1. Going through region 221-242 one residue at a time, which ones are open to solvent by less than 10 Å² (accessible area, probe 1.4 Å) and either out of contact with any Cys (no Cβ under 7 Å at 6 or more places or on another chain) or not hydroxyl-bearing (Ser, Thr, Tyr) (or both)?
2. Could you grab the pairs with beta carbons closer than 6 Å, sequence gap of 6+ or different chains, first residue in region 335-347 and under 18 Å from residue 325 (Cα atoms), second one hydroxyl-bearing (Ser, Thr, Tyr) and in a loop (DSSP other than H, G, I, E, B)?
3. Please list, ordered by first then second residue, the pairs with beta carbon atoms under 6 Å, 6 or more apart or interchain, first in region 48-73 and within 18 Å of residue 195 (Cα to Cα), second of a type in the set (Ser, Thr, Tyr) and not in a loop (DSSP other than H, G, I, E, B).
4. Condition first: assigned to a loop (DSSP other than H, G, I, E, B), within 26 Å of residue 252 (Cα to Cα) and either in contact (Cβ under 8 Å) with a residue 60 or more places away in the chain or of a type outside the set (A, V, I, L, M) (or both). Can you find one or more residues in region 176-183 that meet it?
5. Taking region 362-375 as the search range and keeping residues that are part of a helix (DSSP H, G or I) and in contact (Cβ under 8 Å) with a residue 40 or more places away in the chain, which one is least open to solvent (accessible area, probe 1.4 Å)?
6. Take residue 213 and decide whether it is without any contact (Cβ under 8 Å) to a residue 60 or more places away in the chain, within 14 Å of residue 64 (Cα to Cα), under 20 Å from the mean Cα position of the chain (by Cα) and open to solvent by less than 30 Å² (accessible area, probe 1.4 Å).
7. Return the total of residues in region 267-318 being closer than 16 Å to residue 175 by Cα and hydrophobic (A, V, I, L, M, F, W, C).
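The values are calculated or read from the model by the stated rules, or taken from the named source; none is laboratory data. Everything numeric here is computed off the predicted structure, so don't read it as measured data. Cβ atoms come from the backbone with ideal geometry, glycine included; neighbour counts cover every protein chain shown. Quick note on the areas: whole protein, heavy atoms, side chains included, nothing else; ligands and nucleic acids left out. Shrake-Rupley method; radii C 1.70, N 1.55, O 1.52, S 1.80 Å.
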Amino acid sequence: MPQSSQPAQPVPMLDFSRQFAAIREEVMAAIEQVCVSQRFILGPEVTTFEQSAAAACHVPHAIGCASGTDALWLALAAAQIDQPTQSVITTPFSFFASASSILRAGARALFADIDPLTYNLSPASVAEVLATCPAGEVKAILPVHLYGQCADWDAFTTIQNQHPGLLLIEDAAQAFGAAWQSAPAGTGSDGTLTPAGALGDAAAFSFYPTKNLAAFGDAGLMTTRSPQLEERARMLRAHGMRRRYFHDEVGWNSRLDTLQAAVLEVKLRYLPQGNQRRRDLAANYNQLFLAAGIATMPTPTNPTTIADGVVLPYTHPRAQHVFHQYVIRAPRRDALRTHLTAQGIGTEVYYPLPLHLQEALKPLGYKPGDFPESECAAAEVLALPIYPELREDEQQTVVEAIHTFYA
C-alpha cells in the first residue's frame, strides 16, 4: 500500500448529518405529527414503535423507556432481582451501566472475565464464578453483546439449564439487529437465527444517538417473552402505577418520549440495510488491512496480539455481527491513536478502564489482575470509524494512516 505523510482528508469517527440528510423529510414529518397531536408522553407513536421493535426482535413484548440504562434496571427490577443477598454476574469490560444497573436495582454485582477473541463475557469464567457462590445466590447472568456481536448463547443456555431458576438477561445496548445461530440440528436446536432481544428471559437496548438504531437523544427498550415481566416493567416505568395515581410499588419515571419513538420508527425501517452496510464496511476494512500487510486475523487457536501491527475483529461463526463498532487490537495503542488524531482521523477507546477498577465500584472489592483478559483488552482496543454512510475512500485513508504509523 502506498504511504503518504498526510491523509487527503479528515475522517470523522461519526457523522450524523449524512444519515439525517437522507431521511430528513420522513423524520421531520414524523416529528411534526407529534407536535400537531400534542401527545408528548406515551402517545400513539410509542405504542407503534414498541410493536415494530417487538416484531423486529421476534418477541411478543417490547417496553419503551427513557434510556438503555433504565432498560437494564427495568429488566432486573421486573424480575424482582432487587436484594443485596441476590447476585448478578456480568462483564467488567463494558459500559458502566452494565454494572450500575445491577447496583441500582439493589442486587450485588459479580464480575467474570471475557473471551479475548470476541471481548464478550466468557462462559467458562462465569462457570468458575458460579462454582464459588452458594446455591441460589446468583439470580441472573447479564452478558453484554459487545460491539454488536452476540455473546455465546449456546454456552450460556447450557449454564442456565444446569442452574434452575437462573435468568439470562441480555445487555443488547449495542446490538439491535444482531442475531445468534443456535447449534446445528441434531444437538437439540434447529440452527435458526434468533435476534438479540429474543435470546434471554429479557433484554435491554439503548438508542443513544451513536447506536445503530439511534434516537435524537436518550431512549431505551426492554424486550421479553414473559407477560409477567412485561406487565411489571410497564408498571415500574410509570412510578409503580397500574392505575393513574395509585402506586403499587416504588417505581421510576422512565417513559419513552413520544418524539423519540416517532424518530425511531422512521429509522427502524432503514436499519437492516444499515447493518448490512456495516458488515460490508467491516469486510472491506479486513481486506485493506490484510493487503497492507500490517494485520492478522485472529482464530481460536492463534494469538490475539502481534509484535507490531493490528489484530482484526473476530466474528464468531454463529454470530450475525452488526458492527456497532469496528475494533482492532493494537500494540502501542495510545501512540497510534495520537498519530491518527493528528491526521484528522477519529477513533475511540471502548473501554479504557475495566469496571472492576473504576473508583465508584471499589466497594465491590476487586483489584488489578483479577480479570487479566479484560485489563489487556482495555490497554489495546481501538475503535475505527464505521457507520453506513462511511465511504470506502475514507476507509482507505484510515488504513493508509495506520500503515504509515507501523511502517
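1. Initially, region 221-242 is screened for residues open to solvent by less than 10 Å² (accessible area, probe 1.4 Å), giving 221-224, 233, 235-236, 240.
The answer is 221, 222, 224, 233, 235, 236, 240.
2. 337/347; 340/347
3. What qualifies is 57/223; 59/223; 61/224; 62/223; 68/206; 72/101.
4. First, the residues of region 176-183 that are assigned to a loop (DSSP other than H, G, I, E, B): 176-178, 182-183.
Next cut, within 26 Å of residue 252 (Cα to Cα) only: 176.
Filter once more, so that each one left must be either in contact (Cβ under 8 Å) with a residue 60 or more places away in the chain or of a type outside the set (A, V, I, L, M) (or both): 176.
For region 176-183, residues assigned to a loop (DSSP other than H, G, I, E, B), within 26 Å of residue 252 (Cα to Cα) and either in contact (Cβ under 8 Å) with a residue 60 or more places away in the chain or of a type outside the set (A, V, I, L, M) (or both): present.
5. Looking at the filtered set, the residue picked out is 374.
6. Numbers: without any contact (Cβ under 8 Å) to a residue 60 or more places away in the chain: yes; within 14 Å of residue 64 (Cα to Cα): yes; under 20 Å from the mean Cα position of the chain (by Cα): yes; open to solvent by less than 30 Å² (accessible area, probe 1.4 Å): yes.
Yes.
7. Selection size over region 267-318: 3.
Results for (1) surrounded by 14 or more Cβ atoms within 10 Å (Cβ to Cβ); (2) farther than 30 Å from residue 31 by Cβ, shown as yes or no for each residue.
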position	(1), (2)
244	no, no
250	no, yes
256	yes, no
259	yes, no
263	yes, no
273	no, no
283	no, yes
288	yes, yes
314	yes, yes
